[in-house]
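Reading through the structure tokens given below for one structure.
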Amino acid sequence: MTLSTAPNDRLLSGITVLMAVVEAGSFIRAAETLGITQPAVSRAIARLESRIGVRLLDRTTRSLTPTAEGRRLYEETSPLLSGIADAVTFASGSSATVRGRLRVNMDPLFSSLLLAPHLGRFLDSYPEVSLELLTRPELGDLVAEGFDLAVRFGEPPSSSLVARKLLETHIVTVAAPSYLARHGRPEKLTDLAKHHCLQFRDPRTNQPYEWEFHRGRRIVPIKTSGRLVLSDAYTFLGACVAGAGIAQVLALSVQTELDRGDLIDIFHNWPDERFPLFALYPSRHLPPAKLRAFLDFVLELVKLPSPPQK
């Protein structure tokens, strides 16, 4: 039987026994080190020699020494198996120690507005973490593209991903004072039909978001139109601040402009429409410490209680 057809687990097991025998100098001491019987050690070495097709140990009643082939096999595989052991130790430690590369798929608006000013603090808190943060409008395939975590606005698609709601932000309908000075302020929801309403394209459907107004349990859909359709949040907000039209936006994205008076909430008596922000990740089972730490960090930024540790 050639090496290429041998089951890998048996081959590695035999080499591990060989390493123990060479280092211990006897079958008895190797058996004690491995926690198995001396006959089991003998059988493992015999199977390995049969599989490889060469004698690996010279055995007499008084001594045991590796052959040239056995010594070479030991010297070339010992660093590899030590590396495997180190990797296993590192991986098992990742459940408790915050370290390693963390690859995050991030909503561009959230990343810029809330996350960017605090990233340095996260990295200072966890010096063994390397953070790769990619911003883009669409979620894509989280698992196939090798992401550990995604943070996205909107209801998550139906999938096997774990979805944890991080926050809900209000939807506000806003316009710049310059726009209202030129076109007047709509007094009723139906007045919007007479106004330039900026349209924002939903990346999931490739169609503009539909406008709704919520107050308690009452939901009123309103048909709007506009000659400007955008897919970039910053261009959308910039156009609204510049007076290009009325827009429905996330309250957290324009709070500064509202506070300064650069934008006016024109239907503040319809305050109850909300838009969620979710964290998405592949598995609820034993999430690594680096992922839990980043989730706690994001939850701190949005001022919500930290979820219980898994």
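The values are calculated or read from the model by the stated rules, or taken from the named source; none is laboratory data. The shown structure was predicted, so the numbers you read here are calculated from the model rather than taken from an experiment. Neighbour counts are summed over all protein chains in view; Cβ atoms, including those assigned to glycine, are modelled from backbone coordinates with ideal geometry. For accessibility, only protein heavy atoms count, side chains too; no ligands or nucleic acids. Shrake-Rupley method; radii C 1.70, N 1.55, O 1.52, S 1.80 Å.
Residues in the range 177-190 carry Karplus couplings, in order, of x, 5, 5, 5, 5, 7, 10, x, 9, x, 8, 10, 4, 5 Hz; the curve used is 6.51 cos²θ - 1.76 cosθ + 1.60 with θ = phi - 60°, and Gly or Pro positions show x. Net charge dipole, the chain: roughly 600 debye, given to the nearest 20, about the Cα centre with Cβ charges of +1 for Lys and Arg and -1 for Asp and Glu. Taken one residue at a time, the phi angles of the range 212-223 give Karplus couplings (6.51, -1.76, 1.60, θ = phi - 60°) of 9, 10, 10, 8, x, 8, 7, 10, 10, x, 10, 7 Hz. Gly and Pro are set to x. Taken about its Cα centre, the range 168-275 carries a charge dipole of roughly 360 debye when the Cβ of each Lys and Arg holds +1 and the Cβ of each Asp and Glu holds -1.
For the chain, the relative contact order comes to 20 percent (Cα pairs under 8 Å, sequence separation of at least 6). Just the protein heavy atoms count here, and of the accessible area of the chain at 1.4 Å, carbon and sulfur take up 53 percent. Bridge orientation summary for the chain: considering DSSP beta bridges with both residues in this region, about 70 percent are antiparallel. One decimal place: the segment R103-A40 gains 18.2 nm when fully extended, by the rule 0.36 nm per residue minus the C-alpha distance. By the Stokes-Einstein formula, at 1.002 mPa s and 20 °C, the range 170-310 with its Kirkwood radius over alpha-carbon pairs has D equal to 126 µm²/s. So, counting K/R as plus one and D/E as minus one, what does the shell of residues with Cβ under 12 Å around V104 add up to? Result for the local shell: +1.
Compared with the dominant Cα axis of the chain, that is its longest principal axis, helix 251-260 is turned about 50°.
Accessible area per residue for the chain in Å², computed with a 1.4 Å probe and the full protein assembly in place, what is it?
56 Å²
Note on the chain: the C-alpha convex hull projects to 23.0 nm² when averaged across all orientations.
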